[in-house]
């Protein structure tokens, strides 16, 4: 039976994405995402534990990250865990584990993190008139986002 390598994260960007372009114009974005868990210890004290995850996005998703993501924004990310190693300039073996993203949903707008009065725009440069989340996938078409919740209510309208 084949194995499963699937990661789902909801967290906040630790810094703006760093995007570079490889030969042939292929975009690669790198940025950290913080996920935080709240729990009580054996004495009933509330504790918080934050984990940092290094994210890598390729091609279309990297371009979306460059255009729309900023430090502090909350995102939903699906992807795979990848590990790699290399020799640093001193000849030491280095290892890293990264999340290679396949699906990206922007859960908060840029202006929510910067307290600026503006609305999010889609990839066509048109303003969205509501608080819908926008999902991008590695296979997204170049002409715009995938609207996954056309009739969704604003989070402020939910009864809980």
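Quick check: is even one residue across region 106-128 under 21 Å from residue 5 (Cα atoms), surrounded by 15 or more Cβ atoms within 10 Å (Cβ to Cβ) and either at pLDDT 95 or above or under 19 Å from the mean Cα position of the chain (by Cα) (or both)? No, region 106-128 contains no residue that is under 21 Å from residue 5 (Cα atoms), surrounded by 15 or more Cβ atoms within 10 Å (Cβ to Cβ) and either at pLDDT 95 or above or under 19 Å from the mean Cα position of the chain (by Cα) (or both).
Is one or more of the residues making up region 87-100 closer than 15 Å to residue 136 by Cα, touching a residue at least 40 places away in the same chain (Cβ under 8 Å) and either touching a strand residue (DSSP E or B) at 6+ places or on another chain (Cβ under 9 Å) or not in a strand (DSSP E or B) (or both)? There is at least one residue in region 87-100 that is closer than 15 Å to residue 136 by Cα, touching a residue at least 40 places away in the same chain (Cβ under 8 Å) and either touching a strand residue (DSSP E or B) at 6+ places or on another chain (Cβ under 9 Å) or not in a strand (DSSP E or B) (or both). The residues on offer are 52, 58, and the sole one that is touching a residue at least 24 places away in the same chain (Cβ under 8 Å) and within 17 Å of residue 8 (Cβ to Cβ) is 52. Of the strands (runs of 3 or more DSSP E) lying entirely inside region 1-47, the ones with 2 or more residues being touching a strand residue (DSSP E or B) at 6+ places or on another chain (Cβ under 6 Å) and loosely packed, with under 10 Cβ neighbours inside 10 Å are found at 27-40.
Evaluation of residue 137 against the conditions (1) closer than 25 Å to residue 20 by Cβ; (2) modelled with pLDDT under 90; (3) crowded, with 18+ Cβ neighbours inside 10 Å; (4) within 14 Å of the chain's Cα centre (by Cα) shows that the sole unmet condition is (3).
Determine which single condition residue 152 fails, assuming it passes every other condition in (1) in a loop (DSSP other than H, G, I, E, B); (2) at pLDDT below 95; (3) in contact with a helix residue (DSSP H, G or I) (Cβ under 6 Å, 6 or more places away or on another chain). It fails just one condition, (3). Is there a residue in region 65-83 that is modelled with pLDDT of 55 or more, part of a loop (DSSP other than H, G, I, E, B) and on the phi > 0 side of the Ramachandran plot? So far as region 65-83 goes, yes, one or more of its residues are modelled with pLDDT of 55 or more, part of a loop (DSSP other than H, G, I, E, B) and on the phi > 0 side of the Ramachandran plot. When residue 100 is tested against the conditions (1) surrounded by fewer than 19 Cβ atoms within 10 Å (Cβ to Cβ); (2) modelled with pLDDT under 95, the lone failure is (2). Among residues belonging to region 48-74 that are under 14 Å from residue 99 (Cβ atoms) and in contact with a helix residue (DSSP H, G or I) (Cβ under 9 Å, 6 or more places away or on another chain), point out the one that is surrounded by the fewest Cβ atoms within 10 Å (Cβ to Cβ). So, considering only residues that are under 14 Å from residue 99 (Cβ atoms) and in contact with a helix residue (DSSP H, G or I) (Cβ under 9 Å, 6 or more places away or on another chain), the one surrounded by the fewest Cβ atoms within 10 Å (Cβ to Cβ) is 56.
The values are calculated or read from the model by the stated rules, or taken from the named source; none is laboratory data. The shown structure was predicted, so the numbers you read here are calculated from the model rather than taken from an experiment. No Cβ is skipped: glycine too gets one built from the backbone with ideal geometry, and neighbour counts run over all protein chains shown.
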